[in-house]
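Just below is one structure, and these are the notes that go with it.
None of the figures in this text is laboratory data; all of them are computed from the coordinates on show. What you are looking at is a predicted structure, and each value in this text was computed from that prediction instead of being measured. Glycine gets a Cβ as well: all are built from the backbone with ideal geometry, and neighbour counts include every protein chain shown.
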Amino acid sequence: MENDGPLDPKTNGRGQDGVPGAVDIREHRELIAQLMSAEERGALLTTIMDACNDALVSTDLRGIVCSWNLSAQRMFGYTAREMIGRSILELVPEDQRQREQEMLAGIQRNGQLDPFKTQRLTKHGQPIEVLLTVSPVRTQNGAICGLSQIARDLSEQIRSEAKNAMLSAIVESTDDAIISKDLGSIITSWNRSAERMFGYTAGEMIGRSILEIIPADRPQEEPMILGRLKNGEHVEHFETRRLTREGKLIDVSLTISPVRDGEGRIIGLSKIARDITERKLEEQRKNDFIAIVSHELKTPLTSLRSYIQLALARTAVRADLASEKLLARAEAQTRKMSAMVHDFLNLSRLEEGKMELDRSIFPLAELMEEVVGESSILSPGYRFELECHHGPQTDADRNKIGQVMTNLVNNAVKYSTAGALVHISCRIVGDEVVIAVADQGIGISPDDQQRVFERFFRAGNDKTRYVSGFGIGLYLVSEILRLHGSSIVLNSEPGKGSVFSFALPLYSGPAQGASLIS
Ligand code: ADP
């Protein structure tokens with residue numbers, strides 16, 4: 001067919017008379033007339049009009065509606081029966097009718113008009129924003145006999161534009177740096193706070209790799225984050241450091257989420273970076289304070305304990321039972337204080353990244369006996385049961401594992417009532433030894449179970465209110481075990497009790513001076 005060829009560039013697809021598509025339409029009409037009856041042509045036209053998502057309306061030159069498709073009915077609420085024969089101006093808000101009439105008259109004079117945004121009224125008087133394309137309808141000889149109007153409902157588009165504008169305003173006004181990047185780590189957006197935090201403008205960073213702000217000693221971070229997100233994991237409050245334009249390192253907390261397309265495929269990442277430099281400095285000051293205070297307390301406390309032990313020995317010689325009892329209590333209190341100071345020292349070492357393990361091979365039963373022995377002196381009102389068969393040995397830091405056990409046993413006592421049983425056990429499971437401390441105490445609610453290993457966390461309820469503590473014991477327990485490549489497991493039921501357990505590697509070499517108990 002001749003007309004299937006490219007548009008004539010001189011007429012830009014218009015007929016010789018300058019009327020858009022005039023020649024094409026005439027030829028098409030003839031062809032269609034040969035192929036279809038008038039009835040078939042009408043049915044085809046109605047089907048096409050009704051299948052269209054836009055409102056398609058035709059009017060005569062006075063603006064009287066001649067055709068009205070299904071989308072027009074959906075959009076404006078009038079049926080074709082209601083609208084055909086009525087003026088199209090009924091859809092136009094009163095204050096815009098004059099302008100609309102002038103515009104329609106202009107089309108009749110000058111032909112096609114560019115699509116424009118305007119308002120229409122629904123049957124219920126509700127205004128809707130539409131994009132209107134008005135074209136003249138021509139007779140075979142090119143004379144304008146009516147108008148066709150295509151109205152596209154812009155409500156959804158306007159809503160989503162408003163939503164986008166709101167989101168952009170939030171992104172631009174927040175104090176956090178919000179950055180998006182594609183899967184190749186190329187930055188695709190960079191908000192004002194990112195400019196402030198890192199010193200680069202959006203213009204400078206969009207199109208560049210995020211690696212620009214990742215310190216050279218952390219090359220593994222980006223692939224690690226990508227890997228976790230691809231596995232469907234979330235990355236929240238990931239604390240790390242980033243590099244500013246001036247080469248300064250700043251502490252940031254990152255929350256990274258995948259950006260997905262309509263089919264749910266990950267097409268990029270959005271990253272929220274919060275500057276936590278101030279918080280880190282505050283933590284540093286706190287750690288320094290804890291380190292200094294505990295260090296200063298350690299020496300006088302050791303002397304105090306020695307003097308009490310000396311006095312105890314003298315009272316024993318003099319058989320002064322009353323003084324001996326009082327001094328024994330004083331000595332127990334200094335032991336408790338020493339344990340606290342020890343915890344604080346370890347906490348500050350841990351925070352400084354200076355906690356190191358001093359591994360050796362030792363029998364677990366012996367250490368457990370020591371811990372239980374100490375606890376029975378400090379908490380005589382409780383029953384301790386030690387169960388450790390086979391005398392297993394392990395390869396770990398004896399002092400620190402002792403501290404883990406002491407903390408767990410002390411907690412078992414602290415959060416139980418006097419007379420309760422504290423059961424400490426070890427058993428071999430495969431190539432590991434599982435150590436467990438079970439109590440019959442107040443238990444821990446499921447919500448608190450998620451948090452008890454956080455630094456400074458203390459469950460706040462009626463039962464714990466009067467129990468003293470700092471909320472660092474379990475944090476130290478979990479961190480010490482983490483350094484050993486192990487982890488703490490908690491099973492607890494409020495009102496029934498708790499079991500804390502952890503596993504250490506079973507050393508199966510020759511015994512290292514083990515004292516076996518069972
Ligand atoms: P502290 O005992 O000094 O508060 P921890 O870090 O040792 O700090 O424990 C954190 C919190 O966990 C405690 O405040 C307490 O609420 C809860 N907890 C720890 N051990 C037990 C236990 N055996 N039974 C019940 N609650 C416990």
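In the chain, the calculated helix contribution to ellipticity at 222 nm averages -13500 deg cm²/dmol per residue, counting -39,500 (n - 2.57) for every DSSP H run with n ≥ 4. With both residues required to sit in segment 358-497, DSSP beta bridges show an antiparallel share near 70%.
The count of lysine pairs in segment 183-296 with alpha-carbon distances below 24 Å, taking only pairs 8 or more places apart or on different chains, stands at 5.
Restriction of the trypsin sites (Lys or Arg not before Pro) in segment 42-83 to DSSP coil positions whose beta-carbon has at most 14 other beta-carbons within 10 angstrom yields Arg62. Taking Cβ atoms as reference points and 10 Å as the exclusive limit, the residues near Val130 contribute a net charge of 0, counting Lys and Arg as +1 and Asp and Glu as -1.
By the count of other C-beta atoms within 10 Å, a proxy for reagent exposure, Phe453, Phe76 are ordered fewest to most as Phe453, Phe76.
Sum up the charges of everything whose Cβ sits under 12 Å from the Cβ of Arg398, counting Lys and Arg as +1 and Asp and Glu as -1, but leave Arg398 out. Once positives and negatives cancel, what remains is -3.
Measuring gaps between exposed loop sites in the chain (GluC sites (Glu not before Pro); DSSP loop; at most 14 other Cβ atoms within 10 Å), the longest gap, sites not included, is 1-232.
Compared with the dominant principal axis of the Cα atoms in the chain, helix 38-51 is inclined by about 30°. The separation of segment 53-88 from segment 94-151, counted between C-alpha centres, amounts to 12 Å.
Pairing the Cα long axis of helix 97-110 with the longest principal axis of the chain, what angle in degrees results, from 0 to 90 and rounded to the nearest 10? Roughly 60 degrees between the two axes. The residues Met166, Met340, when put in order of fewest to most other Cβ atoms within 10 Å, stand as Met166, Met340. Looking at the chain alone, DSSP beta bridges between its own residues are antiparallel in about 95 percent of cases. To the nearest ten degrees, helix 22-35 and the longest principal axis of the Cα atoms of the chain are 90 degrees apart.
What you get for the chain, charging only the Cβ of Lys and Arg (+1) and of Asp and Glu (-1), is a dipole of about 1200 debye around the Cα centre. Ranked by how many other Cβ atoms sit within 10 Å of their own Cβ, fewest first, the residues Thr417, Thr464 fall in the order Thr417, Thr464. With R₀ fixed at 45 Å, the C-beta to C-beta distance from Ile64 to Gln157 puts the FRET efficiency at about 0.90. Computed across segment 364-518, the Kirkwood hydrodynamic radius from all distinct Cα-Cα pairs reaches 15.9 Å.
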